[in-house]
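Following: one structure in C-alpha cells, then a few remarks.
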Amino acid sequence: MEQQYVIGVLVANISGVLSRVSGMFTRRGFNIDCLTVGETESSKFSRITVAFHGDDDIKERIVTQLEKLHDVKEVEVLSPNETVIRELLLLKVRNSAETRQDIMTAVEIFRSKIVDYSAQALVCELTGESTKIDAFIELMKSYGIMEICRTGIVAIERGENCLRTLHEK
C-alpha cells in the first residue's frame with residue numbers, strides 16, 4: 001500500500017553531499033515530495049528531511065541505498081505518531097480596505113502573523129502541518145495571492161530519540 005514516508009538523514013556537512021543524496025533518488029527513479037536540509041547543533045553535520053510516497057519495499061530500498069552513501073551517518077524512518085512535522089509558509093496577499101479585516105481575521109484564526117505591511121500587500125507567516133498550510137492558502141486565494149514561498153517539511157522525533165544520539169552510539 002502506497003503512503004507518504006518521512007526520513008531523517010544525518011550527513012557530514014561538506015560540499016556535494018546533498019547532490020549525492022538527491023542524485024541517488026534520481027538514478028533509481030524515486031520521486032521526492034519534499035527535501036529540506038540545514039546544519040544541526042554541530043557544524044560537522046547537516047540534517048536532511050526527505051518525504052516521498054511509496055510502499056514498504058520502496059521505503060526499504062531507499063533506506064538501504066542512503067545508508068550506502070559515504071557521507072551519510074544515520075538514516076531513520078520517522079513514525080508519524082512519534083514525530084513533530086511542520087512547514088513554514090510566507091504568503092503575500094493583496095491589501096485593500098475592503099478585504100483587510102477579513103484577512104486579519106483569518107490570520108488570527110490560523111494563528112498566523114503579519115510580518116510585512118504595505119498599502120498594496122500583506123505578508124503572512126504561518127507555521128504548521130501541511131494540511132493547515134494548504135487550508136490557509138485556499139482561503140487566501142479569494143483575496144488575491146501575489147506570491148507564495150513554502151519551506152517544505154521539517155521533522156523531529158518526540159521525546160529523547162535523536163539522530164545525533166543514534167550516531168554517537
Considering only DSSP states other than H, G, I, E and B, which GluC sites (Glu not before Pro) in the range 1-95 qualify as loop sites with at most 16 other Cβ atoms within 10 Å? 2, 41
Multiply the residue separation of residue 32 and residue 79 by 0.36 nm, subtract the distance between their alpha-carbon atoms, and state the gained length in nm to one decimal. 15.1 nm
Lysine pairs in the chain with Cα atoms under 14 Å, if 8 or more residues apart or on separate chains: 4
To the nearest 0.05, how large is the calculated FRET efficiency for residue 158 and residue 88 if R₀ is 22 Å and r is the Cβ-Cβ distance? 0.65
Step through the residues of the range 69-85 one at a time and calculate ³J(HN,Hα) from phi using the Karplus curve (6.51 cos²θ - 1.76 cosθ + 1.60, θ = phi - 60°), rounding each to whole Hz and writing x for Gly and Pro. 5, 4, 8, 7, 9, 7, 10, 9, 7, 8, 6, x, 7, 10, 9, 8, 10
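Each reported figure results from applying straightforward, stated rules to the coordinates on display, with no laboratory input. Model, not experiment: these values are computed from the prediction. Heads up, the Cβs are rebuilt from the backbone with ideal geometry, glycines too, and the neighbour counts pull from every protein chain shown.
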